[in-house]
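Read through the structure below, which is laid out as structure tokens, and then see the notes.
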Amino acid sequence: MRAPALSALNAPLLALRQFSAEFAHLPAPTLGVSTIFPDRLELSFHDDLSGFEAWRSALGILPSAVNYREQSGGRTRVLTAETGCADARVHLIGYADVPDGGGARSRQEAGR
């Protein structure tokens, strides 16, 4: 199997170029571009949902379009949202610890 040419990634790379000019003031995300999903640009934010929210707002993604889930046994919040830009699918991901609150489950409860 032959590897695709770099031109196969034009859509996400063009979106990234546009973002670097238009949104240079926003927090820098971790970037993901892959030949597995050649039309997708992934912007991820680790331990900081404020970066996720800044980009969500700048890209015009409605709060109601954000998906929420938890992973790592309920210890990590994960926000995801998607939109289109310059023929690319832009996938936002935000990760943050779940705050340890008064309503937290005990280890015994979590194991049920």
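The values are calculated or read from the model by the stated rules, or taken from the named source; none is laboratory data. Everything quoted here is computed from the prediction, not taken from an experiment. Counting neighbours? That spans all protein chains shown, and the Cβs are built from the backbone with ideal geometry, glycine included. Heads up: the accessible areas ignore ligands, DNA and RNA and are worked out on the full protein's heavy atoms, side chains in. Shrake-Rupley method; radii C 1.70, N 1.55, O 1.52, S 1.80 Å.
Looking across region 46-104, just one residue is aromatic (Phe, Trp, Tyr) and touching a His at 6+ places or on another chain (Cβ under 8 Å), and that is Tyr95.
The set of residues from region 34-46 being in contact with a strand residue (DSSP E or B) (Cβ under 6 Å, 6 or more places away or on another chain) and not polar (S, T, N, Q) comprises Asp39, Arg40, Leu41, Glu42, Leu43, Phe45, His46.
Rundown of residues vs (1) free of Cβ contacts under 8 Å to residues at least 24 places away in the same chain; (2) out of contact with any helix residue (DSSP H, G or I) (no Cβ under 8 Å at 6 or more places or on another chain); (3) surrounded by 12 or more Cβ atoms within 10 Å (Cβ to Cβ); (4) farther than 14 Å from Arg89 by Cα, yes/no style:
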{"residue": "Gln18", "(1), (2), (3), (4)": "no, yes, yes, no"}
{"residue": "Phe23", "(1), (2), (3), (4)": "no, no, yes, yes"}
{"residue": "Glu42", "(1), (2), (3), (4)": "no, yes, yes, no"}
{"residue": "His46", "(1), (2), (3), (4)": "no, yes, yes, yes"}
{"residue": "Ser50", "(1), (2), (3), (4)": "yes, yes, no, yes"}
{"residue": "Ser64", "(1), (2), (3), (4)": "yes, yes, no, yes"}
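Can you tell me which residue within region 39-63, out of those that are closer than 14 Å to Arg77 by Cα and assigned to a loop (DSSP other than H, G, I, E, B), is modelled with the lowest pLDDT? Among residues in region 39-63 that are closer than 14 Å to Arg77 by Cα and assigned to a loop (DSSP other than H, G, I, E, B), the one modelled with the lowest pLDDT is Asp48.
Between Thr35, Thr30, the distinction of being loosely packed, with under 14 Cβ neighbours inside 10 Å and touching a Pro at 6+ places or on another chain (Cβ under 6 Å) belongs to Thr35 only. Of all residues being modelled with pLDDT of 50 or more and assigned to a loop (DSSP other than H, G, I, E, B) in region 89-104, which is most open to solvent (accessible area, probe 1.4 Å)? Just the residue, please. By that ranking, first place goes to Asp100.
Which of the residues belonging to region 22-35 are of a type in the set (Gly, Ala, Ser) and under 26 Å from Pro4 (Cβ atoms)? Result: Gly32, Ser34.
Only a single item in (1) more than 30 Å from Pro4 (Cα to Cα); (2) out of contact with any strand residue (DSSP E or B) (no Cβ under 7 Å at 6 or more places or on another chain); (3) surrounded by fewer than 11 Cβ atoms within 10 Å (Cβ to Cβ) is not met by Gly73, and it is number (3).
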